[in-house]
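Data block below; observations after.
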Amino acid sequence: MIRKLAALICLGLAPQWVLAELPPKMTPVEVQAALLLKGNPTRGKAVFAECAGCHRKDGSGRVSGTIPRLAGQHASVILKQLIDIRSGKRINALMAPIVEDPDLSLEAIADAASYAESLPVAGPTGKGPGNQTERGRALYSRDCAGCHGNAGEGDATRYYPRVAAQHYGYLLRELNMIRDGARGNSNADMAAVLKPYAAADLDALADYMSQMPAPVTR
């Protein structure tokens with residue numbers, strides 16, 4: 001069932017009822033318990049095979065930015081985002097029918113997240129135009145480095161994602177959604193920081209982050 005839905009969604013052929021269906025709710029206690037799960041990357045390889053149709057076998061996503069890179073991302077970050085989608089906190093109509101599938105256990109989600117983290121960063125990164133990096137660097141240093149790190153390495157313990165080696169299109173889309181309150185689970189501090197950003201500022205920031213190489217340490 002998961003594989004079929006994933007394929008339909010990637011092709012843009014998912015029936016309307018799939019995209020419109022709301023994800024089941026989880027209690028705060030259930031969410032907290034899920035976030036404490038420690039995944040097994042060996043088991044996660046089989047689970048992640050269901051994700052490869054969109055995110056690719058190597059977890060590199062799509063250079064266009066329609067699908068993010070998951071390889072090398074903190075398992076805690078991936079797990080939190082998937083749990084937020086499953087609980088209805090994060091708005092993501094494409095992923096919701098996949099992660100809410102009753103046959104997909106929370107343990108399996110944690111396993112897939114752990115496997116994705118173990119994957120090396122491979123393949124090209126969709127980069128921005130490269131003509132706004134100085135402006136983007138200044139914005140990143142001022143507003144982002146304190147949480148996401150000087151090298152874009154993120155912070156697994158605080159669920160802050162790695163932004164280095166992420167695709168420009170994805171970064172720009174998510175920055176816009178966070179600023180505009182369209183994502184649902186945005187960090188309140190980050191939303192407040194981005195609120196006064198003009199479109200050109202978001203573009204410069206995404207451009208700079210997309211040029212950052214993958215962190216050496218993981």
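A short reminder: the numbers here are calculations on the coordinates, not readings from a lab. Here the structure is a predicted model, which is why all the values come from computation and not from measurement. Cβ sites come from the backbone with ideal geometry, for glycine too, and all protein chains shown count toward neighbours.
Quick notes
- A Förster radius of 25 Å, combined with the Cβ-Cβ distance separating residue 216 from residue 134, puts the computed FRET efficiency at roughly 0.55.
- Point-to-point label distance, residue 25-residue 103, nm (Cα→Cβ direction, 7 Å offset): 2.8 nm
- Computed over neighbours whose Cβ is under 13 Å from that of residue 66, the net charge equals +3, Lys and Arg +1, Asp and Glu -1.
- All C-alpha pair distances within the stretch 133-211, sorted into 10 Å bins from zero, spread as 20, 60, 20, 0 percent across the bins.
- Pair residue 143, residue 180: separation of 7 Å Cα→Cβ label points (nm): 1.6 nm
- Candidate lysines for bridging to residue 89, where Cα separation is under 23 Å - those fewer than 8 sequence places away on the same chain excluded: 25, 38, 80, 195
- The chain - mean residue ellipticity at 222 nm from DSSP helices (-39,500 (n - 2.57) per run, n ≥ 4, rounded to 500): -14000 deg cm²/dmol
- Extension gain, residue 35 back to residue 91 (0.36 nm per residue minus Cα-Cα distance, nm): 18.3 nm
- Gyration tensor verdict on the stretch 45-158 (Cα atoms; rounded if a/c is under 1.5, prolate if a/b is larger than b/c, oblate otherwise): prolate
- Estimated vicinal HN-Hα couplings, Hz - the stretch 125-132 in sequence order (Karplus 6.51, -1.76, 1.60; Gly, Pro = x): 10, x, 9, x, x, x, 9, 10
- Residue order for 79, 104, 119, fewest other beta carbons within 10 angstrom first, comes to 104, 119, 79.
- Close amide-amide hydrogen proximity is noted between residue 160 and 155, each under 5 Å apart and 5 or more residues distant or on a separate chain (H modeled in the peptide plane; Pro and chain starts excluded).
- Rounded, prolate or oblate (a/c below 1.5 giving rounded, otherwise prolate when a/b exceeds b/c) for the stretch 111-150 by Cα gyration tensor: oblate
- Order of 117, 134, 153 - criterion: other Cβ atoms within 10 Å of each residue's Cβ, fewest first: 134, 153, 117
- Over the chain - Rg/Rh using Cα atoms and the Kirkwood inverse-distance radius: 0.95
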